[in-house]
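Peer 1: One structure coming up, written as C-alpha cells, with questions to follow.
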There are 4 protein chains.
Amino acid sequence: MSTRTVLVTGFEPFGGEAVNPSMAAVQGLAAAPPPGVALHTLILPVSLARTGPALRAAIAGLRPDVVIATGQAGGRAEISVERVAINVNDFRVPDNDGAQPTDAPVVATGPAAYFATIPVKSVVARLHASGIPAQLSNSAGTHLCNHTLYLLGHLAATEQPGLRGGFLHLPWLPEQVVRHPGQPSMGLPTLVLALKTAITAACETADDLRVAMGATH
Amino acid sequence: MSTRTVLVTGFEPFGGEAVNPSMAAVQGLAAAPPPGVALHTLILPVSLARTGPALRAAIAGLRPDVVIATGQAGGRAEISVERVAINVNDFRVPDNDGAQPTDAPVVATGPAAYFATIPVKSVVARLHASGIPAQLSNSAGTHLCNHTLYLLGHLAATEQPGLRGGFLHLPWLPEQVVRHPGQPSMGLPTLVLALKTAITAACETADDLRVAMGATH
Amino acid sequence: MSTRTVLVTGFEPFGGEAVNPSMAAVQGLAAAPPPGVALHTLILPVSLARTGPALRAAIAGLRPDVVIATGQAGGRAEISVERVAINVNDFRVPDNDGAQPTDAPVVATGPAAYFATIPVKSVVARLHASGIPAQLSNSAGTHLCNHTLYLLGHLAATEQPGLRGGFLHLPWLPEQVVRHPGQPSMGLPTLVLALKTAITAACETADDLRVAMGATH
Amino acid sequence: MSTRTVLVTGFEPFGGEAVNPSMAAVQGLAAAPPPGVALHTLILPVSLARTGPALRAAIAGLRPDVVIATGQAGGRAEISVERVAINVNDFRVPDNDGAQPTDAPVVATGPAAYFATIPVKSVVARLHASGIPAQLSNSAGTHLCNHTLYLLGHLAATEQPGLRGGFLHLPWLPEQVVRHPGQPSMGLPTLVLALKTAITAACETADDLRVAMGATH
C-alpha cells in the first residue's frame with residue numbers, strides 16, 4: 001500500500017472558551033506524527049464564511065486520501081465518530097465573526113444529508129481496542145462541525161471521488177471543565193492517541209464493519 | 001379553517017419493557033380527544049416488516065392532513081421533537097419479530113434523509129409555553145422511530161404531497177424507571193398534554209418559527 | 001393502631017425559581033389528605049434564621065408522631081429519601097433573607113450527624129412498589145434541607161423521643177425545567193402520590209427493611 | 001517546615017473491574033514521587049475484614065502527618081474530595097471476600113460521622129488551579145471508601161491526634177469506560193497530577209479556605 005496522504009483538521013476556540021480540544025489534539029498530533037502516512041494538519045476558523053473555503057483550498061492543494069476533521073463537543077464523555085451530516089446551518093451560538101444562520105442550507109443545491117465516507121464503525125472498534133471511550137454518533141449538530149462533515153461529503157460526491165472524509169467530536173479538556181462543574185472531559189494524551197488510531201483505521205480499512213452500532217433513539 | 005384530519009401513532013412495548021410511553025400516551029389522547037380535529041390513533045407494531053405497511057395503510061385510508069408519530073426514548077428527560085430522519089436501519093436491539101438489520105436503507109431508492117414536515121420549532125415553542133420540557137432533536141436514532149419518520153417524509157415527497165408528518169420521542173414513564181435507577185421519566189398526564197399541544201401547533205402553524213434552536217454538536 | 005398525627009412540610013421557592021415542587025406537592029397533599037392519619041402541613045421559609053423556629057414551633061404545638069419534611073433537588077430524576085444529615089451549614093446560594101453561612105454548625109453543641117428516624121428503606125421500597133422513581137440518598141446537601149433533617153434528628157434525640165423524622169428531596173416540576181434544558185423533572189401527581197406513599201410507609205413500619213441499598217461512592 | 005511523612009492509599013480492583021484507577025494512580029505516584037515529602041504508598045484490599053487492619057498497621061508503623069486515601073467512583077466525572085464519612089457499612093455489592101454488610105456500623109461505639117481532617121476546600125481549589133476537574137463531595141457512599149475515611153477520622157480522634165486524613169474519589173480510567181458506554185472517565189496522567197496536587201495542599205495548608213462550596217441537595 002502506498003503512503004496515504006492524510007489531512008487532519010481542528011477548530012480554533014469559540015463560544016467563550018480559551019482553548020479548543022480539537023486544536024490542541026491536532027497540534028499534539030502534528031508534534032508526533034504517526035509513521036506511515038503523509039500527515040498534514042490545519043486549524044480551521046470558526047466562521048460560516050471562512051471554514052468552507054479554507055477546507056476546500058487545503059483539499060484542492062493536498063489531494064488527500066483521507067480527511068479527518070475534528071471539533072469540540074462540550075458535555076460529551078466519549079469520542080463521537082459521526083455517521084452523517086445534514087444540510088442545515090442552525091447555529092445555537094454565533095460563530096467567531098458574529099454570524100448566526102437559522103435553518104439555512106450548507107449547500108443550497110445539495111441533498112438533505114451526506115454520510116461519512118470513512119469506515120465509521122471500524123474507527124469506533126479500533127478506538128475501543130485501544131482503550132479509548134468512543135461511540136458512533138448519528139448527529140453532528142447543526143453548527144460548523146456538521147457543516148464541515150457535510151462539505152466533506154459534498155466534495156467526495158462531486159469534485160473528489162474516492163475521498164474518505166469523516167468527523168470526530170472530542171470532549172472538553174480537563175482544564176475547560178473547571179468552568180463547567182460536573183461535566184465530563186478527556187485528557188490530551190488520550191485525544192492524540194484517538195486521532196492516531198482513527199487515522200490508522202481510516203487508512204487501512206476498505207470495507208466498514210457490519211456490526212450493530214445503531215441507536216434506538 | 002376546515003377540520004383537520006389528524007393521525008397520531010404510538011408503538012407497542014419492546015426491548016423487555018412491559019409498557020411503551022407512546023402507546024400509553026396515544027391511548028390517553030384517544031380517551032380525551034382534543035376539540036376541533038378529527039383524531040385517529042394507531043398503535044404500530046415494533047417490526048421492520050410490519051411497521052411500514054401498517055402506517056402506509058392507515059394513511060392511505062384516512063388521507064390525514066397531519067401525522068404525528070411517537071415512540072419511546074428511554075433515558076431522555078424531555079420530549080424530543082425530531083427534525084430529520086436518515087436512510088438507515090441499524091438496530092441496536094432486535095425488533096419484536098427478532099429482525100435486526102445493520103446499515104440497510106429504509107427505502108432502497110430514497111435520499112439520504114428527509115426533514116420532518118411539521119413545523120418543529122413551533123411545536124417546541126408551544127410545548128415550552130405549556131410548561132412541558134421539550135427540545136428540538138437532530139437524530140431520531142436508527143431504529144423504527146427513525147424508520148417511521150423517514151417513511152412519513154417519503155410519503156410526503158412521493159404519494160401524499162402536503163402531508164405534515166413529524167415524530168416525537170417520549171421519555172420513559174415513571175413506573176418504567178423503577179427498573180432503570182437514576183434515569184429521568186415523564187408522567188402520563190404530561191405526555192398526553194404534550195400530544196394535544198403538538199397537534200394544535202402542527203395544525204395551526206403554516207410557516208415554522210425562524211429562531212435559533214440548533215445544536216453545536 | 002391509633003390515628004397517627006403527621007406533619008408534612010415543604011419549602012417556599014428560592015434561588016430564582018417561581019415555584020418549589022415541595023410547596024406544590026404539600027399543597028396538593030393538603031387538598032386531598034390520605035385517610036387514616038391526622039395530617040398537618042406547613043410551608044417553611046427558606047431562611048437560616050426562621051426555618052428552625054418555624055419547624056420547632058409546629059412540632060411543639062402538634063406533637064406529631066411522624067414528620068416528613070420535603071424540599072427541592074433540582075437536577076435529580078428520582079425522589080431521594082435522605083438517610084443522614086450532617087452538622088454543617090455551607091450554603092452554595094444565599095437563603096431568601098440573603099444569609100449565606102460557610103462551614104458553620106447547624107447546632108453548635110450537636111454531633112457530626114443524625115440519621116433519619118423514619119424507616120428509609122421501607123419508604124423507598126413502597127415508592128418503588130407504587131411505580132415511583134426513588135432512591136436512598138446519603139447526602140441531603142449542606143443547605144436548609146440538610147439543616148431541617150438535622151434539626152428533626154436533634155429534636156428526636158433531645159426533646160421529642162420517639163419522633164419519626166425524615167426528609168424527601170423532590171425533582172423539579174416539568175414547568176421549571178423549561179428554563180433548565182435537558183434536566184429531569186417529575187409531575188405534580190407523581191409527587192403527591194409519593195408523599196402519600198411515604199406517609200403510609202413511615203406510619204406502618206416499625207422496623208426498617210434490612211436490604212442492601214447502599215452506594216459504592 | 002520539616003519534611004512531612006505522607007501515606008497515600010489506593011484500592012485493588014473490585015466489582016468485576018480488571019483495574020482500579022486508585023491503584024493505578026497510587027502506583028504512578030510512587031514511580032514519580034513529589035519532592036519535599038516522605039512518600040509512602042499502600043494498596044488496600046477491598047475487604048470488610050482486612051481493609052481496616054491494613055490501614056491501621058501502616059499508620060501505626062509510619063506515623064504519617066498526612067494520609068490521603070483514594071478509591072474508585074465509577075460514573076463521576078470529577079475528582080471528589082470527600083468532606084465527611086458516616087458510621088454505616090451498607091454494601092451495594094459484596095467485597096472481594098464476598099462480605100456484604102447491611103446497615104452495620106463501621107465502629108460500634110463511634111459517632112454518627114467524622115469530618116475529613118485535611119483542608120478539603122483548599123484541596124479542591126488547588127486542583128482547580130491545576131486545571132483538574134474537582135468538587136467537594138458530601139457523601140463517600142456506604143462501602144469501603146466511606147469506611148476508610150471513617151476509620152481515618154476515628155484514628156485522628158482517638159489514637160493519632162493531629163493526623164490529617166482525607167479521601168479522594170477518582171473517576172474510571174478511559175479503558176474501563178469502553179465497557180460502560182457513555183460514562184465519564186479521567187486519564188492516568190491527570191489522576192497522578194491530582195494526587196500530587198492534593199498532597200501539596202494537604203501539607204501546606206494549616207487552615208482551610210472559608211469559601212462557599214456547599215450543595216443545595
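Peer 1: Short version: ³J(HN,Hα) in whole Hz for each residue of segment A:41-52, in order, from phi by Karplus 6.51 cos²θ - 1.76 cosθ + 1.60 (θ = phi - 60°), x for Gly and Pro, what are they?
Peer 2: My calculation for segment A:41-52 gives 10, 8, 9, 8, x, 8, 7, 3, 7, 10, 4, x Hz in order.
Peer 1: At residue A:34, with labels set 7 Å past Cα in the Cβ direction, how many nm apart are the copies from this one, shortest first?
Peer 2: Label-point distances to the other copies, shortest first: 3.6, 5.1, 6.0 nm.
Peer 1: Another one. What FRET efficiency, computed as 1/(1 + (r/R0)^6) with R0 = 41 Å and r the Cβ-Cβ distance, is obtained for residue D:211 and residue A:32, rounded to the nearest 0.05?
Peer 2: It comes to 0.55.
Peer 1: Determine the per residue accessible area of the protein assembly as shown with all protein chains present and a 1.4 angstrom probe, expressed in square angstrom. Let's see the in-between values first.
Peer 2: Details: 29490 Å² over 868 residues.
That works out to 34 Å² per residue.
Peer 1: Of B:177, B:213, B:69, which is farthest along the charge dipole of chain B in the positive direction, counting Lys and Arg as +1 and Asp and Glu as -1 at C-beta?
Peer 2: Of the candidates, B:213 comes out farthest on the positive side.
Peer 1: Using a label position 7 Å from Cα in the Cα→Cβ direction, what is the ascending list of nm distances from residue C:15 to the same site in the other copies?
Peer 2: Taking the point 7 Å beyond Cα along Cα→Cβ, the inter-copy spacings are 2.3, 2.5, 2.9 nm.
Peer 1: Let me ask another. Work out Dmax and Rg for the protein assembly as shown from the C-alpha atoms and quote the Rg first, both in angstrom.
Peer 2: 28.6, 88
Peer 1: Something else: Using each residue's phi in segment A:206-213, evaluate 6.51 cos²θ - 1.76 cosθ + 1.60 at θ = phi - 60° and report the 3J(HN,Hα) Karplus result to the nearest Hz, with x for Gly and Pro.
Peer 2: 7, 10, 6, 4, 10, 10, 6, 9
Peer 1: Moving to a separate point now. With +1 assigned to the C-beta of every Lys and Arg and -1 to the C-beta of every Asp and Glu, and no other charges, what is the dipole magnitude of the protein assembly as shown about the Cα centre in debye, to the nearest 20?
Peer 2: The dipole magnitude comes to about 0 debye.
Peer 1: Follow-up. For chain B, which whole percent of the accessible surface, found with a 1.4 angstrom probe, sits on carbon and sulfur atoms?
Peer 2: The C+S portion of the solvent-accessible surface of chain B is 54 percent.
Peer 1: Given an 8 Å cut-off on Cα distances and at least 6 residues of separation, report the relative contact order of chain D as a percent. Present the calculation step by step, with values, prior to reporting the outcome.
Peer 2: On the way: 446 pairs, mean separation 58.5, N = 217.
Rounded, it is 27 percent for chain D.
Peer 1: What is the dipole size for segment C:35-127, taken about its Cα centre, with +1 at each Lys and Arg Cβ and -1 at each Asp and Glu Cβ, in debye to the nearest 20?
Peer 2: Details: 8 positive and 7 negative charges, 57 e Å.
Around 280 debye, computed over segment C:35-127.
Peer 1: Give me the base-10 log of I(q)/I(0) for segment B:4-204 at each q in 0.15 Å⁻¹, Debye formula, one uniform scatterer per Cα, rounded to two decimals.
Peer 2: -0.85
Peer 1: What whole number of Å gives the distance from the Cα centroid of segment C:185-217 to the Cα centroid of segment A:160-176?
Peer 2: Cα centroid of segment A:160-176 versus Cα centroid of segment C:185-217: 46 Å apart.
Peer 1: Moving on to the next point. Between A and C, which A residue has the Cβ nearest their rotation axis, distance in Å?
Peer 2: A:182, 6
Peer 1: Still on this model: What fraction of the DSSP beta bridges in chain C is antiparallel, stated in percent and rounded to the nearest 5?
Peer 2: If I count the DSSP bridges inside chain C, around 20 percent turn out antiparallel.
Peer 1: Taking residue C:206 in one copy and the same position in all the others, each labelled 7 Å out along Cα→Cβ, what are the pairwise distances from the first, in nm, shortest first?
Peer 2: Result for residue C:206, in nm, nearest copy first: 5.6, 7.4, 7.8.
Peer 1: Still on this structure: How big is the B/C interface in buried accessible area, both sides summed, 1.4 Å probe, to the nearest 100 Å²?
Peer 2: 1200
Peer 1: Taking amide H atoms as placed 1.01 Å from N in the peptide plane, list the residues 5 or more away in sequence, or in a different chain, whose amide H sits under 5 Å from that of residue C:72.
Peer 2: C:22, C:170
Peer 1: Placing +1 on the Cβ of each Lys and Arg and -1 on the Cβ of each Asp and Glu in segment A:13-166, which of A:120, A:54, A:35 has its Cα farthest towards the positive end of the resulting dipole?
Peer 2: A:35
Peer 1: Then there is this: Hey, could you pull the Cα Rg and Dmax for segment B:5-93, both in Å?
Peer 2: Cα radius of gyration and Dmax of segment B:5-93 are 13.6, 40 Å respectively.
Peer 1: Ordering C:109, C:9 by how much accessible area each has at a 1.4 Å probe, largest first, what is the list? Intermediate values should be presented prior to the final figure.
Peer 2: On the way: C:109 130, C:9 0 Å².
Largest to smallest exposure gives the sequence C:109, C:9.
Peer 1: So, one more: Residues with beta-carbon under 12 Å from that of residue C:26, excluding residue C:26: net charge, scoring Lys, Arg +1 and Asp, Glu -1? Show your work: numbers first, answer last.
Peer 2: Working: positive: C:196; negative: C:12.
Taking every other residue near residue C:26 into account, the sum is 0.
Peer 1: Further, regarding this structure: Report the FRET efficiency, 1/(1 + (r/R0)^6), for residue B:62 and residue B:19, where r is their Cβ-Cβ distance and R0 is 30 Å, rounded to 0.05. Could the numbers behind the result be given before it?
Peer 2: Values: r = 26 Å, r/R0 = 0.86.
E(calc), rounded to 0.05, equals 0.70.
Peer 1: Okay, moving on. Would you jot down the residues in segment B:192-217 that end up with at least 20 Å² less accessible area in the complete protein assembly than in the chain alone, with a 1.4 Å probe?
Peer 2: Relative to the lone chain, where solvent access is computed with a 1.4 Å probe, segment B:192-217 loses at least 20 Å² at B:210, B:212, B:214, B:215, B:216, B:217.
Peer 1: Taking Cα centroids, how far is segment D:82-156 from segment C:1-44 in Å?
Peer 2: 34
Peer 1: Just the number: Rg to Rh for segment B:140-217, Cα atoms, Kirkwood Rh, two decimals.
Peer 2: Rounded to two decimals, Rg over Rh is 1.03.
Peer 1: Just the accessible area for residue B:12, please: 1.4 Å probe, Å², rounded to the nearest 10?
Peer 2: 50
Peer 1: If you average 1/r over every pair of different alpha-carbon atoms in segment B:175-217 and take one over that average, what Kirkwood value in Å do you get? Mind showing how you got there, number by number?
Peer 2: Numbers: mean 1/r = 0.0738 Å⁻¹.
Averaging 1/r across every pair of different Cα atoms and inverting gives 13.6 Å.
Peer 1: For segment B:154-159, what does the Karplus curve 6.51 cos²θ - 1.76 cosθ + 1.60, with θ = phi - 60°, yield as ³J(HN,Hα) per residue in whole Hz, taken in order and with x for Gly and Pro?
Peer 2: 3J(HN,Hα) across segment B:154-159, in whole Hz: 5, 5, 5, 7, 10, 9.
Peer 1: Can you figure out the FRET efficiency of residue B:49 with residue A:107, using R₀ = 51 Å and their beta-carbon distance, to the nearest 0.05?
Peer 2: Once rounded, the FRET efficiency stands at 0.90.
Peer 1: Using a Cα-Cα cut-off of under 22 Å, which lysines could be cross-linked to residue D:121, ignoring same-chain neighbours fewer than 8 residues away?
Peer 2: D:196
Peer 1: For peptide A:131-137, how many partner chain Cβ atoms fall within 10 Å of a residue's Cβ, on average?
Peer 2: Whole-number average of other-chain Cβ neighbours for A:131-137 is 5.
Peer 1: Using the crude model of +1 on Lys and Arg Cβ and -1 on Asp and Glu Cβ, and no other charge, please compute the dipole size for chain D relative to its Cα centre, in debye to 20. Write out the running numbers ahead of the final one.
Peer 2: Working: 13 positive and 14 negative charges, 70 e Å.
In debye, rounded to 20, chain D gives about 340.
Peer 1: Let me cross-check residue A:95: its accessible surface, 1.4 Å probe, with only protein heavy atoms counted, in Å² to the nearest 10?
Peer 2: Here the accessible area works out near 10 Å².
The values are calculated or read from the model by the stated rules, or taken from the named source; none is laboratory data. Just so we're clear, the structure is a prediction, and the values are computed from it rather than from any experiment. Note: ideal-geometry Cβ built from the backbone for every residue, glycine included; neighbour counts use all protein chains shown. SASA here: full protein model, heavy atoms, side chains in, ligands and nucleic acids out. Shrake-Rupley method; radii C 1.70, N 1.55, O 1.52, S 1.80 Å.
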